[in-house]
Amino acid sequence: MYDALFEGHDLTKGGGFVHQKKSGLDMDEFHHVLRTLGYSTFQETGTIEYDKDTVIRFIQKAGVMAGIRKYHEHLFLDDVLVSVPLFTVEGNYYKWKHKAMQEYFAQYICADAKAHQETILMNMYRSAHLALYIHVLDLCYKTFRATIVHQVLQKMVAHY
């Protein structure tokens, strides 16, 4: 999905027009920022809609988490609205086009948070709101299985 949006969504409209990415990030950097953005918005708010100051704060945080040095939050916001359309504007609010997109990009847990994966997944698993995390845990199945399921099975074996 991401590759198609980043490289080719404009090509489907005919004429070979491709929106310039104003942020100047390459495909991998852009994806890394999106993963951290998906994770931080999902984890901190559980919502997909934000006022402009809040979305800019999240984009700024995502750039820092992704280790991007030359980065302009407003240009990235413009890119996710126009060039790689994962967000939309409704009145004064910016929102992910769909909750599933936010959850998909929360794959930061599996792809980037290697040192903290187990802690993050265990916190989700132990949360009173486990049902909210089910799709993200599905995306991180291998990691989930290696950490949480493994620990649960070890406890069961030790108990019996």
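Details
- Taking the empirical scaling 2.2 N^0.38 Å for compact globular proteins as reference, the chain has a Cα radius of gyration ratio of 1.16.
- Its relative contact order, with pairs defined as Cα atoms under 8 Å and 6+ residues apart, puts the chain at 23 percent.
- Simple label model, 7 Å out from Cα along Cβ direction - Asp51 to His129, nm: 2.0 nm
- Over segment 108-160: Kirkwood hydrodynamic radius from C-alpha pairwise inverse distances, Å: 11.5 Å
- Here each label is just a point 7 Å from Cα along the line to Cβ, and for Gln60 and Val89 those points are 2.0 nm apart.
- Legend: distances between Cα atoms for Lys97/Lys142; Lys52/Lys142; Lys21/Lys61; Lys70/Lys97; Lys61/Lys99; Lys22/Lys52; pairs beyond 24 Å are Lys97/Lys142; Lys52/Lys142; Lys70/Lys97.
- For a label point 7 Å along the Cα-to-beta-carbon line of Gln151, residues of segment 91-126 with backbone N under 19 Å: 108-126
- Rounded to 10°, Cα long-axis angle of helix 150-159 versus longest principal axis of the chain: 10 degrees
All of the numbers you see were taken from the coordinates with simple rules; none came from a lab. Keep in mind the model is a prediction, meaning the values are calculated, not measured. Cβ atoms come from the backbone with ideal geometry, glycine included; neighbour counts cover every protein chain shown.
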